[in-house]
Each structure stands twice: as structure tokens, then as C-alpha cells.
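Asks: This is the structure I want to talk about, given as C-alpha cells.
No lab work stands behind these numbers, since they all come straight from the coordinates. For clarity, every value in this text was computed on a predicted model and none was experimentally measured. Ideal geometry is used to build each Cβ from the backbone, glycine not excepted, and the neighbour counts take in all protein chains shown.
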Ligand SMILES: Cc1ncc(COP(=O)(O)O)c(C=O)c1O
């Protein structure tokens, strides 16, 4: 064994204790760590011939890299849709590395990690009140979940005319209908060879909505003259957290032939609250659903899952099977995750979610969702009262989409947001909504409190004064 590796092995306990202390120093100091950071590094570091050992690497990390880290896991990081790791999810994430299992097959020869994944998906179905007619698996993020679901949808589309697109390539245009897809679904159309231009944009509902207009959807379905299609619908749009009407879509599904996909990356968690459950009523009628745990379930990044109806398993295997590798087994005989999703080797990615669900239960996540939504409403009311801001859309769940008041201020929005973010106390992301420049604040973090809202409003006010807007 290499001498440095041997030394590290002998010193393992000390090394892990030092790493633990490094983590605690960060977490205990989260309040004082900025939410954005302009410091940088020269990334051209040379690779040393002889290793330094873990403790020296940790020292270099602490001195050179750790100071660049931002409080993206903290309570006032409202950009994108970003939760922060809870204690239980950190335990699960760390132990996934320690145990270092390859999550593939379910068999008696070390397949327990796939069973843990099954169990975790089963716990998630209970959390979200979804039926066992779905099977699921973990992928890195909602983008990859959309890719997985729409990959199987593409195979379903081909099968409607007896074609196997996975084997033979796409030989005809695929009909996609959607109203307000997340950019990752459009990226997925490009990755799947369908083409990111090749979808029909359905109208959205009147009165400042991003939800699909069901009448226009049906008109477009009728224009297809009975041809199959794929519907990409939304449970929580990224700007205004708007939801399509799933009850109406379910009724259409009884009349027409289509694959129904729901991107519920963060909005799916509405199902854990009695107050918001109605937003996803009838979503169990979908063929596939994307949900992302590194959003509202507050686990570390790279933790989304797909749900696809079990009745489509054969299409899923056709899409993702490793068919020319005898050493991986027969994809049609034994269930193996590497034959039903994009990746082959995977870590025990379900473990942070498993720990979170066991540790906090349904009530824990109901409380997080209801706290986030109450804070979003509170923040929006403060903005309205302030007088220098206006909402671009009503608050439907947890996202606040707002701007500086008045069209004359449109030219100031980017500068305002840059200045606000540079101050490092709060982080939000820019957007354009109905042709107006805006700002998004997404509430999903388990740590956020009323006190944070006070601080955020103070930061917004100071930014207005600093820039003399
Ligand atoms: C509705 C929706 N879908 C998909 C995504 C993409 O998620 P990820 O970046 O984790 O792949 C997001 C991200 O915010 C989202 O809000």
C-alpha cells in the first residue's frame, strides 16, 4: 500500500474527527457566512507528485477553499429552489460515503442498497399519499428525473405505432404539448433527440396564471386527430408556483390517448399539508412524476426521484437496459436499477432521504411546508406594505415573484438585485415574468424564521437607500 494511504488508514479516527469539526465550524457559524461571495481562487493548482495526506488536504481546504463557501444551506438563501441539509440528511449523506455501496440489483449477493431504495420510495409514496402503482428510483436532480420520465414517454409514443425508438432511433416527430414547462424539460427534449423547438405551446389560463388553459389544450388535442402525444404538466411553476388542473387533465385522459407527465419538482410536497393538498388532487392519474428532495425535503444536492407507473416497466427497461453486457445479468429477468434509469453505477443515493423521513416523519415535513408557505405570505405582505415593491403574481404556495414598483423602475431591477445579493445577507434570483424584470424568492429552507423576514426587509430597504431608487 502507498505509504501516505497507509498513514491515513492508521489515523482514520483522527481524520474523521477533524472533518467532523470542520463541518461543525461551518454549520455553527452559518449566520455569519455570507450568502454570496466575490472571493475567488486561481484554479490552476499543480498536482503534487507525493500526496499530502488527508489532514494536510483538509488544512489546505480550510485555508483556501472553505472561505469561498456561501451560506446556500442557510435560512436567507432564497435563490433557485434550494433547501438546506437537515441533521438527519447529513448523517445519511455521510454514511452513504462511508458504506460506499453500489445501488443496482436486488439479489442476495449484496443487493441491500437497492432494497433500501425501494423502502425509501415506499416511504415517499406514503408521505405524498400516492398509490403503490408507481415504482421509483433516485437520480441526481429534477432535470434527470424529467429526462428519465420523458425517455420512457418517448418509448411509449413509438410503441403506439409498433416502433422501438430506443433500439432503432426516432423515426417520426413526437407530439409534445405543454404550457409552462420548466427549462429542464425543454433541455430534456433536446437530450432525447426530440428537439427543444418541437413542442406545442398551449395557452395559459387568464388572470395572470401560468397554469395550462384546459380548453386550449383540448382544442390542440383535437387538432392531432387521434394521434398520440405527451403532455408535460406542472405542479409548481418555478416563477409563481402555479399548478395545472389535474382533475381536468385526468378527465381528458379518459377521452384521449396520451402520456401524462407532471413536473412536481418542488410543488409535489404540497401533498404533505392538508392546507395545500388540493393543489395536487388527482395527480395519481399521471403516468410519470418528477419530484426533487434537494428542494423542499431539505436533503443535500443530487437527490431527486422519478415515479413511473409500474404498468410501463417494460417500456422503462426497453429505454434504459444494458442489453449487451452478460456480466450485468438479463435485464428482462431480474430487476436491476441500472436497467431502468440513466446511470449504471450509483451511490446509495436514497440514504439521506431515508434518514430524513425516519427522523422527522410526516409531521416534520408538514411543518416545514406550512412554515415556508406562511413565511412566503408574510414576506409578500411586507413587500406590499413597504410601497417600493409590487408583486408580479399572487402567492400560491412558497414562491414570491416581485419587482420594484412601477415600469419606470424596470431599468433598476438588475442593479438592485446585484447590490442586494452582494451585501451577502440574503440571496434571490432574477427572472422575467410576463415581460417584466422581476425577482424570485423561494421559501423552502427548514431554518427560515420570521426574524429572517425582518432582516430581509431591512436589507431590501437599505438597498433602495444605497442606490437612491
Ligand atoms: C419545477 C422544476 N423542475 C425542474 C427543476 C430542475 O431541478 P434541478 O436543477 O435540481 O435539476 C427545477 C429547479 O428549480 C424546478 O423548479
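Asks: Would any residue of the range 124-152 have its amide N under 13 Å from a label point 7 Å out along Cα→Cβ of residue 191? List them or say none.
Replies: The answer is 139-152, whose backbone nitrogens lie closer than 13 Å to the label point.
Asks: At 0.36 nm per residue, minus the direct Cα-Cα distance, what do residue 388 and residue 28 gain on full extension? Give it in nm, one decimal, please.
Replies: That works out to 126.1 nm of additional length.
Asks: How long is the range 352-469 along each principal axis, judged by its Cα atoms, biggest number first, in Å?
Replies: 51, 28, 25
Asks: Can you put 65, 375 in order, fewest other beta carbons within 10 Å first?
Replies: Ascending number of Cβ neighbours within 10 Å: 65, 375.
Asks: Using a simple spin-label model with points 7 Å from Cα along the Cα→Cβ vector, what separation in nm is obtained for residue 21 and residue 409?
Replies: 4.9
Asks: Right, next: Using 5 Å bins from zero, what percent of all Cα-Cα pairs in the range 135-255 falls into each bin?
Replies: For the range 135-255, the binned pair fractions read 2, 10, 20, 22, 22, 15, 6, 2, 0, 0 percent.
Asks: Can you work out the FRET efficiency for the pair residue 327 and residue 133, with r the C-beta to C-beta distance and R0 = 41 Å, to the nearest 0.05?
Replies: 0.80
Asks: Tell me the relative contact order for the chain as a rounded percent, counting alpha carbon contacts under 8 Å between residues six or more apart.
Replies: 22
Asks: While we're here: Could you tell me the largest-minus-smallest coordinate of the C-alpha atoms of the range 109-205 on each of the three principal axes, in descending order and whole angstroms?
Replies: Sorted largest first, the three principal extents are 42, 38, 23 Å.
Asks: Right, next: Which length gain, in nm to one decimal place, applies between residue 206 and residue 39 when the Cα-Cα distance is subtracted from 0.36 nm times their residue separation?
Replies: So the extension gain works out to 55.6 nm.
Asks: Another question about this same structure. Using the alpha-carbon centroid of each, what span in Å lies between the range 420-467 and the range 119-137?
Replies: The range 420-467 and the range 119-137 have Cα centres separated by 35 Å.
Asks: Right, next: Estimate the FRET efficiency between residue 224 and residue 248 by the formula 1/(1 + (r/R0)^6), using the beta-carbon distance for r and 30 Å for R0, to the nearest 0.05.
Replies: For R0 = 30 Å, the calculated efficiency reads 0.95.
Asks: While we're on this one: Between Rg and the Kirkwood Rh of the chain, both from Cα atoms, what is the Rg to Rh ratio?
Replies: 0.99
Asks: Sort out for me the Cα centre separation of the range 346-403 from the range 259-299, rounded to whole Å.
Replies: One Cα centre to the other: 14 Å.
Asks: Within 10 Å, count the other beta carbons around each residue, average over each peptide in 32-39, 179-186, and list them highest first.
Replies: With the highest mean Cβ count within 10 Å placed first, the list reads 179-186, 32-39.
Asks: Another question, if that's okay. I need the Debye-formula profile for the range 222-307: one equal scatterer per C-alpha, no solvent, reported as log10 I(q)/I(0) at q = 0.14, 0.25 1/Å, two decimals.
Replies: -0.50, -1.25
Asks: Given contacts defined as C-alpha pairs under 8 Å and at least six residues apart, what's the relative contact order of the range 90-355, whole-number percent?
Replies: Once normalised by length, the contact order is 30 percent.
Asks: Determine the calculated [θ] at 222 nm for the chain from helices alone, applying -39500 (n - 2.57) to every DSSP H run no shorter than 4 residues and normalising by the residue count; nearest 500 deg cm²/dmol.
Replies: Estimated from H runs of four or more residues: -12500 deg cm²/dmol.
Asks: Want the number for residue 422 to residue 3: 0.36 nm per residue separation, take away the alpha-carbon distance, what's left?
Replies: So the chain would gain 146.3 nm between residue 422 and residue 3.
Asks: Beyond 15 Å, what percent of the Cα pairs of the range 185-231 remain?
Replies: In whole percent, the long-distance tail amounts to 54.
Asks: Still on this structure, I have one more. Per q in 0.13, 0.15 Å⁻¹, report the Debye log10 I(q)/I(0) for the range 90-355, using one uniform scatterer on each alpha carbon and no solvent.
Replies: Values returned for q = 0.13, 0.15 Å⁻¹ are -0.82, -1.09.
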